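Participant: Have a look at this one.
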């Protein structure tokens, strides 16, 4: 079963690499988003409603996934592995992240208006007045942060749950729990991205839970980026700026990538990482995306080895 778990990881990332994102009508994350959507309105007791939803909706998603994998595995072992791989595939995104970031970077040289518009798919910030350098910075920052939230975190959840549950549960129960853990983490992060803003009191609990859940993945991502750069220096240097953003987690992968590239990454009026350098050029931005992609593959192989042995 450990080999099947490793195969699930490799199959999921392989699907992401060769197939890409499924259409919204078939995407489990989009289905979950439609479940969360009605939460985003005025409530008499928004924090109470949001707290119940922040706990209940991700657990519901994880429970459905666990039952699906467990039942499929009891019908046929391969079927359980296929269901687990498809679920994990739907919870991760590396190809689309790198492709979108690369597209934004390319547009900054020839079509700054188009670059600002394309950036909206990556970063939730007002890009109307951003210079080309700041658009490139935002693309690189978002690539690093989303590597943590949308790729490393689900894989880390799958890996940790596989190791822990494998000591106590049957093989297919372990696979079901590990896949459910990845789905739970993706659900927590999805809720935060939809309602976890200071302007939305109903999202307070979702934001706090996401801060807690993403604490370890953010730091693992920083380590993976430094490993992809083949040097410990980006991690050691970047930690000086990791706390500049208000988020307790997002600064770690962004600061590490800033140090690895030797560039400034800046969100105007909010934070500046590596302030003694300059904003990234297009070439430096593409180097950053390449490091993000390499860090993703290093995370994949490490997770597969851990669950496989």
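The values are calculated or read from the model by the stated rules, or taken from the named source; none is laboratory data. Since the model is a prediction, treat every value here as computed from it, not as a measurement. Cβ: placed from backbone, ideal geometry, glycine included. Neighbour counts: every protein chain shown.
Participant: Every residue in region 121-155 that is within 30 Å of residue 308 (Cβ to Cβ) and surrounded by fewer than 24 Cβ atoms within 10 Å (Cβ to Cβ), please. Before you say what the answer is, go through the steps one by one.
Facilitator: Narrowing region 121-155 to residues within 30 Å of residue 308 (Cβ to Cβ): 143-155.
The answer is 150, and nothing else.
Participant: If I ask for residues that are surrounded by 22 or more Cβ atoms within 10 Å (Cβ to Cβ) and more than 14 Å from the chain's Cα centre (by Cα), which ones from region 84-100 would you list?
Facilitator: If the condition is that a residue be surrounded by 22 or more Cβ atoms within 10 Å (Cβ to Cβ) and more than 14 Å from the chain's Cα centre (by Cα), then 84, 85, 87 are the ones that fit.
Participant: Does residue 101 satisfy the criteria of being at pLDDT 95 or above, in contact with a helix residue (DSSP H, G or I) (Cβ under 6 Å, 6 or more places away or on another chain), over 17 Å from residue 282 (Cβ atoms) and part of a helix (DSSP H, G or I)? Before the answer, list the steps.
Facilitator: Details: at pLDDT 95 or above: yes; in contact with a helix residue (DSSP H, G or I) (Cβ under 6 Å, 6 or more places away or on another chain): yes; over 17 Å from residue 282 (Cβ atoms): no; part of a helix (DSSP H, G or I): yes.
No.
Participant: Would you check which residues across region 18-40 are more than 13 Å from residue 86 (Cα to Cα) and touching a helix residue (DSSP H, G or I) at 6+ places or on another chain (Cβ under 8 Å) and list them? Break it down into steps so the answer makes sense when it comes.
Facilitator: Start the filter on region 18-40 by keeping residues that are more than 13 Å from residue 86 (Cα to Cα), which leaves 18, 23-25, 30-40.
Selection gives 24, 30, 32, 33, 35, 36, 37, 39, 40.
Participant: Considering only residues that are exposed (fewer than 11 other Cβ atoms within 10 Å of the Cβ) and in a loop (DSSP other than H, G, I, E, B), which ones fall in region 1-40? Spell out how you get there, then give the answer.
Facilitator: Of region 1-40, the ones exposed (fewer than 11 other Cβ atoms within 10 Å of the Cβ) are 18-19, 23, 25-26, 34, 38.
Result: 19, 23.
Participant: Select from region 212-243 the residues that are outside any helix (DSSP H, G or I) and either under 14 Å from the mean Cα position of the chain (by Cα) or over 24 Å from residue 189 (Cα atoms) (or both) and list them in ascending order.
Facilitator: Of the residues in region 212-243, the ones outside any helix (DSSP H, G or I) are 214, 229-232, 239-243.
Answer for region 212-243, where residues must be outside any helix (DSSP H, G or I) and either under 14 Å from the mean Cα position of the chain (by Cα) or over 24 Å from residue 189 (Cα atoms) (or both): 214, 229, 230, 231, 232, 240.
Participant: Would you be able to tell me the number of residues in region 229-255 that are closer than 21 Å to residue 212 by Cβ and either touching a strand residue (DSSP E or B) at 6+ places or on another chain (Cβ under 6 Å) or surrounded by 14 or more Cβ atoms within 10 Å (Cβ to Cβ) (or both)? Show your work before the answer.
Facilitator: Step one: list which residues in region 229-255 are closer than 21 Å to residue 212 by Cβ, which gives 239, 242-255.
Cutting the leftovers down to either touching a strand residue (DSSP E or B) at 6+ places or on another chain (Cβ under 6 Å) or surrounded by 14 or more Cβ atoms within 10 Å (Cβ to Cβ) (or both) gives us 239, 242, 244-245, 247-255.
Of the residues in that region, 13 qualify.
Participant: For the structure I just gave you, tell me whether residue 81 is surrounded by 21 or more Cβ atoms within 10 Å (Cβ to Cβ) and on the phi < 0 side of the Ramachandran plot. Spell out how you get there, then give the answer.
Facilitator: Working: surrounded by 21 or more Cβ atoms within 10 Å (Cβ to Cβ): yes; on the phi < 0 side of the Ramachandran plot: yes.
When the stated conditions are applied, residue 81 passes them.
Participant: Against the conditions (1) assigned to a helix (DSSP H, G or I); (2) more than 20 Å from residue 29 (Cα to Cα); (3) out of contact with any helix residue (DSSP H, G or I) (no Cβ under 8 Å at 6 or more places or on another chain), where does residue 246 fall short? Just the number, please.
Facilitator: (1)
Participant: Moving on to the next point. Could you please find all residues in region 263-281 being loosely packed, with under 15 Cβ neighbours inside 10 Å and out of contact with any strand residue (DSSP E or B) (no Cβ under 9 Å at 6 or more places or on another chain)?
Facilitator: We begin by selecting, within region 263-281, every residue loosely packed, with under 15 Cβ neighbours inside 10 Å; these are 268-270, 275-276, 278.
Once the filter is applied, which keeps residues that are loosely packed, with under 15 Cβ neighbours inside 10 Å and out of contact with any strand residue (DSSP E or B) (no Cβ under 9 Å at 6 or more places or on another chain), region 263-281 yields 268, 269, 270, 276, 278.
Participant: Report, ordered by the first and then the second residue, all pairs with beta carbons closer than 8 Å, sequence separation of six or more or different chains, a first member in region 262-280 that is without any contact (Cβ under 8 Å) to a residue 60 or more places away in the chain and on the phi > 0 side of the Ramachandran plot, and a second member that is surrounded by 14 or more Cβ atoms within 10 Å (Cβ to Cβ) and in a strand (DSSP E or B).
Facilitator: 274/265
Participant: Condition test on residue 113, is it over 13 Å from residue 284 (Cα atoms), assigned to a helix (DSSP H, G or I) and free of Cβ contacts under 8 Å to residues at least 24 places away in the same chain? So that I can check it myself, show each step before the final result.
Facilitator: Values: over 13 Å from residue 284 (Cα atoms): yes; assigned to a helix (DSSP H, G or I): yes; free of Cβ contacts under 8 Å to residues at least 24 places away in the same chain: yes.
Criteria met by residue 113.
Here's the yes/no breakdown for (1) touching a helix residue (DSSP H, G or I) at 6+ places or on another chain (Cβ under 6 Å); (2) within 30 Å of residue 10 (Cβ to Cβ); (3) at pLDDT below 95; (4) part of a loop (DSSP other than H, G, I, E, B):
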site: 43; (1), (2), (3), (4): yes, no, no, yes
site: 51; (1), (2), (3), (4): yes, no, no, no
site: 60; (1), (2), (3), (4): no, yes, no, no
site: 69; (1), (2), (3), (4): yes, yes, no, no
site: 74; (1), (2), (3), (4): no, yes, yes, no
site: 84; (1), (2), (3), (4): yes, yes, no, no
site: 88; (1), (2), (3), (4): yes, yes, no, no
site: 93; (1), (2), (3), (4): yes, yes, no, yes
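Participant: Against the condition modelled with pLDDT of 95 or more, assigned to a helix (DSSP H, G or I), farther than 19 Å from residue 248 by Cβ and in contact with a helix residue (DSSP H, G or I) (Cβ under 9 Å, 6 or more places away or on another chain), how does residue 144 come out, does it pass?
Facilitator: On the way: modelled with pLDDT of 95 or more: yes; assigned to a helix (DSSP H, G or I): yes; farther than 19 Å from residue 248 by Cβ: no; in contact with a helix residue (DSSP H, G or I) (Cβ under 9 Å, 6 or more places away or on another chain): yes.
In short, no.
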